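Shown next, in structure tokens, is the structure this report addresses.
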Amino acid sequence: MTREKEVIYRRLLYIGLVDIRNFSYRATQEPTNPWLPPLNRDEIMAYIAGLSDLLHDLAMHSAKNFEGWNDWHDEYFALGYEGFCEAFAAEKYPSLIHDVAKLLKSA
């Protein structure tokens, strides 16, 4: 794995946790921001669960300094991210992880 990809994957982990924190906060508040699409608590919790699932294996490999990471893992993560995007469209679930994930395509 290149150093550039390693940095991007670690950034995805961090940004994913920020998204989880932000959506968790949103689940506990009444909707007040007119710029955000309205989501009910069940939709927010499903998003948090989906993002947590996506980041789970990535966190394990990051903890091992990506030892043993190869092209198969890149493809597996890309497929997982694609499925996550299909389930949680960026238009309805605006989050930071989508911006960082775009960096993987150019790495």
Quiz item: Which members of the stretch 54-75 meet the condition of being free of Cβ contacts under 8 Å to residues at least 12 places away in the same chain and either among the β-branched types (Val, Ile, Thr) or closer than 20 Å to LEU96 by Cβ (or both)?
Solution: HIS56
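Hey, any hits in the stretch 27-37 for a residue that's part of a helix (DSSP H, G or I) and either modelled with pLDDT under 95 or surrounded by 13 or more Cβ atoms within 10 Å (Cβ to Cβ) (or both)?
At the first step, the residues of the stretch 27-37 found to be part of a helix (DSSP H, G or I) are 27-28.
Then keep just the ones that are either modelled with pLDDT under 95 or surrounded by 13 or more Cβ atoms within 10 Å (Cβ to Cβ) (or both); that gives 27-28.
Checked the stretch 27-37: at least one residue is part of a helix (DSSP H, G or I) and either modelled with pLDDT under 95 or surrounded by 13 or more Cβ atoms within 10 Å (Cβ to Cβ) (or both).
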Practice problem: Go through (1) at pLDDT below 90; (2) farther than 18 Å from PRO94 by Cβ; (3) in a helix (DSSP H, G or I) one by one and return the number of the condition VAL7 breaks. | Solution: (1)
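Can you tell me which residue within the stretch 70-107, out of those that are in a helix (DSSP H, G or I) and among the small types (Gly, Ala, Ser), is surrounded by the fewest Cβ atoms within 10 Å (Cβ to Cβ)?
SER106
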Quiz item: Among (1) modelled with pLDDT of 90 or more; (2) aromatic (Phe, Trp, Tyr); (3) surrounded by fewer than 16 Cβ atoms within 10 Å (Cβ to Cβ), which single condition is TYR47 missing?
Solution: (3)
Quiz item: How many residues are touching a helix residue (DSSP H, G or I) at 6+ places or on another chain (Cβ under 8 Å) and within 21 Å of LEU103 (Cβ to Cβ) when one looks only at the stretch 18-46?
Solution: 2
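The values are calculated or read from the model by the stated rules, or taken from the named source; none is laboratory data. Values in this document were obtained by computation on a predicted structure and should not be read as measured data. Neighbour counts run over all protein chains shown; Cβ positions are idealised from the backbone, glycine included.
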